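The values are calculated or read from the model by the stated rules, or taken from the named source; none is laboratory data. Predicted model only: the values in this text are computed from it and were never measured. FYI the Cβ positions are ideal-geometry reconstructions off the backbone, even for glycines, and counts take in every protein chain you see. All accessible areas refer to the heavy atoms of the entire protein, side chains included, with ligands and DNA or RNA removed. Shrake-Rupley method; radii C 1.70, N 1.55, O 1.52, S 1.80 Å.
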Amino acid sequence: MAYELTIEPLGQTIEVEDGQTILDAALRAGIYLPHACCHGLCATCKVQVTDGEVDHGEASTFALMDFEREEGKCLACCARLESDTVIEAEIEDDPDAENLPVEDYSGEVVRIEDLTPTIRGIWLKLDRPLHFQAGQYINLEIPALGGQSRAFSLANAPQEDNIVELNVRIVPGGLVTTWLHANLEVGEKLKLTGPYGRFFVKKSANLPLIFMAGGSGLSSPKSMIEDLLNNDCELPITLVYGQRNRDELYYHDAFTALADKYPNFCYVPALSHEAEGSGWDGARGFVHEAAKAHFGNDFRGNKAYLCGPPAMIEACISTLMQGRLFERDIYMEKFFSAADASQQLKSPLFRNI
């Protein structure tokens, strides 16, 4: 059985299947509703029900309090319709968003490469091309693990047709990442859903771009930078990328080659724990320190895109703001695990990330 969902202020009505969440139905219709954790814990996807009935599902009582339920609010990532329903949501119009519908794909693993001791590159050939914006991500489903799924950024440029690249860092104790590192083989059939996310280049701003990344957070900047250069972008582009040591610094040669080829692209690698006397002649220290040294602590007139672990993100935000770049010009990837969301990992410097 299906119900109709009307989303205001868009005035658009979509069909929602029995058992399908409001968020999933909206994304599959190409309608973006603000969201983050997708576990009913962070409250980013809170909407107002103005007509109809919903089942609140697994929504946390901390993210959606009893009085809010009585007022007709629900969490779109958990709520399922019990009748035809009307909701009101805060939907921002973004001129750079393509608003692509989320779809299901199947893929075959055609290449596996250990990029670093802890990061594995995985290439899948899909059953049909995946149209996405550079910076977006997919949910990868592992049939061998009973359908367990995890979110991974797309590391390839959108121009690469039906081949997608994922850079997977092994997480100690992580069921999915451990399996992908220890058991995945070429020829394996996997499923994925996407594209997801609002992390993409604000091309309409026409401002110089700074990418600050750490660890496997390089995936999205790699895709975004390659997309910009493939489309003959002439704006200044700077990538500041940090790892602990040279062994972990993947795609170093590729970015060095791009910097040699494109005069508007600057690559600043930084190592925080590289041994003295190793021969490394690049920057030493953390990403925010390397960025501050490179720009002279003046980031005005740029757009900044941050990808990496929470501690790196916090340090980069602080450094950018000290250098006179503020919230309206700083963007970051919004990945939350259930554990992250339950701890409310949000920057105190930002209203909502």
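Taking only C-alpha pairs under 8 Å that are 6+ residues apart, what is the relative contact order of the chain in percent?
14
Would you work out the charge dipole size for the chain about its Cα centre, treating the Cβ of every Lys and Arg as +1 and the Cβ of every Asp and Glu as -1, and quote it to the nearest 20 debye?
1300
Which residue, chosen from T116, C42, A25, occupies the Cα position most advanced towards the positive end of the dipole of the chain, where the dipole is computed from +1 (Lys, Arg) and -1 (Asp, Glu) charges on Cβ about the Cα centre?
After comparing all options, I get T116.
For the stretch 3-151, what is the Kirkwood hydrodynamic radius in Å, using each pair of distinct C-alpha atoms? Before the final figure, lay out each step's value.
Values: mean 1/r = 0.0582 Å⁻¹.
About 17.2 Å, per the Kirkwood formula over Cα pairs.
If you count only protein heavy atoms with a 1.4 Å probe, what accessible area per residue comes out for the stretch 1-139, rounded to a whole Å²?
Accessible area per residue, the stretch 1-139: 48 Å².
I'm checking a number: the convex hull volume of the Cα atoms of the chain, normalised per residue, in Å³. What is it?
On the way: hull volume 51.3 nm³, N = 353.
Measuring per residue, one finds 145 Å³ for the Cα hull of the chain.
Please work out the Cα center distance from the stretch 234-307 to the stretch 160-209, rounded to the nearest Å.
The stretch 234-307 and the stretch 160-209 have Cα centres separated by 22 Å.
Say the cut-off is 27 Å between C-alpha atoms; which of K189/K261; K73/K191; K46/K125; K261/K292; K73/K202 go over it?
K189/K261; K73/K191; K46/K125; K73/K202, as the Cα separations exceed 27 Å there.
What's the longest piece of the chain with no exposed GluC sites (Glu not before Pro), counting a site as exposed if DSSP puts it in a loop and it has at most 15 other beta carbons within 10 Å?
On the way: sites that count: E53, E58, E71, E82, E90, E92, E98, E185, E234, E276.
Longest site-free region, per DSSP loop and neighbour criteria: 99-184.
What three numbers, in Å, describe the spread of the alpha carbons of the stretch 129-227 along their principal axes, ordered from the longest?
Principal-axis extents of the Cα atoms in the stretch 129-227, largest first: 45, 30, 21 Å.
I want the local charge near L207. Using Cβ-Cβ distances under 9 Å, sum +1 for each Lys or Arg and -1 for each Asp or Glu among the other residues.
In short, +1.
For the stretch 159-304, what are Rg and Dmax over the alpha carbons, in angstrom?
17.0, 49
Let me test this: with uniform point scatterers at the alpha carbons of the stretch 17-78, what is the Debye-based log₁₀ I(q)/I(0) at q = 0.13 1/Å?
The Cα Debye sum returns log10 ratios of -0.30.
If exposed trypsin sites (Lys or Arg not before Pro) are those in a DSSP loop with at most 13 other Cβ within 10 Å, what is the longest stretch of the chain that has none?
Here the longest segment lacking exposed loop sites spans 1-299.
Give me the extension gain from D253 to V186: residue separation times 0.36 nm, minus the current Cα-Cα distance, reported in nm with one decimal.
So the extension gain works out to 21.6 nm.
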